[in-house]
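Notes to accompany the following structure.
The values are calculated or read from the model by the stated rules, or taken from the named source; none is laboratory data. Treat the numbers as computed from the prediction; the structure is a model and nothing was measured. Methodologically, a virtual Cβ is constructed for each residue, glycine included, from the backbone with ideal geometry; neighbour enumeration extends over all protein chains shown.
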Amino acid sequence: MTQDTPATAPLPDGQFRALQSLAERQPGQDSNFVNIGAAQALTQLGLARRGGGGWEITPLGRNHLLQVLSKEDAGGAANAR
């Protein structure tokens, strides 16, 4: 049995939505709204950082998001049979 580290543990809904919003941002475009409290919590976990252009997702944050989405996809694919 493996134990979740802070970077792989499930996030509260608000933090997860903020992480998704950060992942969707494109350089040079207007940024989508991100809850400051959620972004600060993500920063403490190493999943986001505050850069010159605002909040940014970190590589660790992108990995976390990909892991969660792949788990959801795998569960959906298994249930589709």
> Has the stretch 1-10 got any residue that is modelled with pLDDT of 95 or more and either in contact with a Leu (Cβ under 6 Å, 6 or more places away or on another chain) or aliphatic (A, V, I, L, M) (or both)?
Replying inline: no
>> Within the stretch 37-55, does at least one residue satisfy the condition of being β-branched (Val, Ile, Thr), modelled with pLDDT of 85 or more and crowded, with 17+ Cβ neighbours inside 10 Å?
In response: no
